[in-house]
Protein chains: 2
Amino acid sequence: MERGILLEFQPEGDNCIQNSKQNENFKVSSKRAIVRQSLPDAIASDIRERILNGELEEGLTIRQEALAEEYNVSRMPVREALKRLDAEGLVQLTNNLGATVTKHSLDEIGEIFDLRILIEVDLFRRAIPAMTPPHLQKCEEILEAMESSYDADDVGKWGALNYDYHSALYAAANRSLTNDVLHRINLQSDRYVRMHLSVMQQRDPAAKEHRELLEFARAGKADEACDVLTRHIAQTKKNLLRLMIDKRADEDS
Amino acid sequence: MERGILLEFQPEGDNCIQNSKQNENFKVSSKRAIVRQSLPDAIASDIRERILNGELEEGLTIRQEALAEEYNVSRMPVREALKRLDAEGLVQLTNNLGATVTKHSLDEIGEIFDLRILIEVDLFRRAIPAMTPPHLQKCEEILEAMESSYDADDVGKWGALNYDYHSALYAAANRSLTNDVLHRINLQSDRYVRMHLSVMQQRDPAAKEHRELLEFARAGKADEACDVLTRHIAQTKKNLLRLMIDKRADEDS
DNA sequence: TACGCGGATTTTGGATACAATATTTGTGCG
DNA sequence: CGCACAAATATTGTATCCAAAATCCGCGTA
């Protein structure tokens, strides 16, 4: 099966692969800075998405050549893509053995959420006193988009919005390095959340909590806000771990 | 100038490059698992060390070919090494522009230490109740090695020991992912600490604090231990930032 | 039948060659 | 003299080819 190499503008988007050879026809008229992502990045983005949405399962070993053929490129950019994903922790590269999709133990999955609590609470606490009307405005917008997309059932989109929302909440903290660290951790978290998103959504009072986060932040009540955030993530962790335990038990039989 | 490609066993060590072609002469008799590091890893380790010890300065742009020639390899493994260092945050890779040694702003340097506090304290707090005599024993050993190497003036060695010591303190927490995150952050931290190690050493009551950490941990006094740890890192941050401010001011003139 | 050993196959790793992209230099025109 | 544009150069990115390593498979032997 061949994955088409699409040609498309994507100043922000991350989900298509573009072939530089076919690019000469374009005349760029917009002023918007267009950062062409490199082939390895494009491939990495696509593989990443395939891991996050579960198409590439935990533990699966990835063949460079297979992917290269799918994307119609040589193994070289695929290798670089895998190297990047390895750095992100989504795949594990072993010396002459190639790549396997990372499979975390249940303990490690728990650890991922503990890390989220640790880092997100720190960011939130730093952000709240620094939040200005524009920041709050931005959060409000994303929150509304999230609320209206609840039923849309587009798992990937919801995951992205969720991440954007949390990012917006922490933006005022102005901590780029911490955000990078968090981003990588969230990639892992997302992966397991998405597995069970449909189940988790209906039970979770997540929507209400999301709004509470913003309201407490707006009121400058840092302690209360951080409390909600901690509980929010801890609850997600708890629900998710239960589901994962069942899933792993099923797989073993 | 050519960097020799050394042949040497290094089950743990990270600082030499070995050429697999010359390896057949060896007969491995020890049972110890010997993981041969790949060429890119070996190169990455060497470049990493050169960045950490300041030989490759902040902001310097790195030419693949230049390194390839030094190490007597093609550009390919060098590229992979750079890709890894990019993931670690020690260099920044830009699309068709190559790699530059990461230069952090003073704010970011501060952030690095805040991250250390956040994560190390979390680890320490989790570790203390779980520490057993073997754990304490191991810490004791490393601590003594550190104390006796204080005057040795081997900056690289001291840095490694310091990291080992902190790792040993947190080992009982059994948090591999958190440790990975911390490791990456420590790479950055080390870089700036090493720049001023000779200056910082003489003034710091670090030795005393290091021992206190262990004693409080041994006594199970988590709060006190974490307090010392926080102050220890915060003090390092403060001292270091002052030195960095001067350094940056000098560079601008 | 179980186990070990050696060759065949598959898969990854690295070098070289070539293509695409960025930078620099030089030249002509205003 | 300065600026814009274009050729030349330097540098990175990708493909192809060969080498090294791992895995698989079958054979022989205990």
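The values are calculated or read from the model by the stated rules, or taken from the named source; none is laboratory data. These numbers come from a predicted model, not from an experiment. Glycine gets a Cβ as well: all are built from the backbone with ideal geometry, and neighbour counts include every protein chain shown. Quick note on the areas: whole protein, heavy atoms, side chains included, nothing else; ligands and nucleic acids left out. Shrake-Rupley method; radii C 1.70, N 1.55, O 1.52, S 1.80 Å.
If you go through the range A:166-186 and keep only what is open to solvent by 20 Å² or more (accessible area, probe 1.4 Å) and in a helix (DSSP H, G or I), you end up with A:SER167, A:ALA171, A:SER176, A:LEU177, A:ASN179, A:ASP180, A:HIS183, A:ARG184. Within the range B:50-68, the presence of at least one residue that is in a helix (DSSP H, G or I) and at pLDDT below 95 is confirmed.
Annotation: of all residues in the range B:169-224 being closer than 21 Å to B:LEU52 by Cβ and β-branched (Val, Ile, Thr), the one that is modelled with the lowest pLDDT is B:VAL199. Here B:ASN96 meets each of (1) within 16 Å of DNA strand C (Cβ to nearest atom); (2) more than 18 Å from B:ARG184 (Cα to Cα); (3) touching a helix residue (DSSP H, G or I) at 6+ places or on another chain (Cβ under 9 Å) with one exception, condition (3).
If the requirement is being over 18 Å from A:ALA87 (Cβ atoms), within 16 Å of DNA strand C (Cβ to nearest atom) and touching a residue at least 60 places away in the same chain (Cβ under 8 Å), which of these qualifies: B:GLU120, B:GLU65, B:GLU70? Break it down stepwise before answering.
Details: B:GLU120 fails: within 16 Å of DNA strand C (Cβ to nearest atom); B:GLU65 fails: touching a residue at least 60 places away in the same chain (Cβ under 8 Å).
So the residue among B:GLU120, B:GLU65, B:GLU70 that is over 18 Å from A:ALA87 (Cβ atoms), within 16 Å of DNA strand C (Cβ to nearest atom) and touching a residue at least 60 places away in the same chain (Cβ under 8 Å) is B:GLU70.
Name every residue in the range B:137-148 that is under 10 Å from B:LEU161 (Cβ atoms) and open to solvent by less than 30 Å² (accessible area, probe 1.4 Å), in order of residue number. Selection gives B:ILE142, B:LEU143, B:MET146. Of all the residues in the range A:217-235, those that are surrounded by fewer than 20 Cβ atoms within 10 Å (Cβ to Cβ) and of a type in the set (Gly, Ala, Ser) number 4.
Could you grab me the full set of residues in the range A:87-136 that are part of a strand (DSSP E or B) and surrounded by fewer than 22 Cβ atoms within 10 Å (Cβ to Cβ)? Step through it out loud before you land on a result.
Within the range A:87-136, the first condition is being part of a strand (DSSP E or B), and the residues that meet it are A:91-94, A:98-101.
A:GLN92, A:LEU93, A:THR94, A:GLY98, A:THR100, A:VAL101 - these are the residues of the range A:87-136 that are part of a strand (DSSP E or B) and surrounded by fewer than 22 Cβ atoms within 10 Å (Cβ to Cβ).
With respect to the conditions (1) within 13 Å of chain A (Cβ to nearest Cβ); (2) within 16 Å of DNA strand C (Cβ to nearest atom), B:LEU115 lacks only one, and its number is (2).
Hey, does the range B:63-78 have a residue that's at the interface with chain A (Cβ under 9 Å from one of its Cβ atoms) and open to solvent by less than 10 Å² (accessible area, probe 1.4 Å)? Within the range B:63-78, not a single residue is at the interface with chain A (Cβ under 9 Å from one of its Cβ atoms) and open to solvent by less than 10 Å² (accessible area, probe 1.4 Å). None of B:LYS103, B:LYS138 is away from chain A (no Cβ under 12 Å) and out of contact with any helix residue (DSSP H, G or I) (no Cβ under 9 Å at 6 or more places or on another chain) except B:LYS103.
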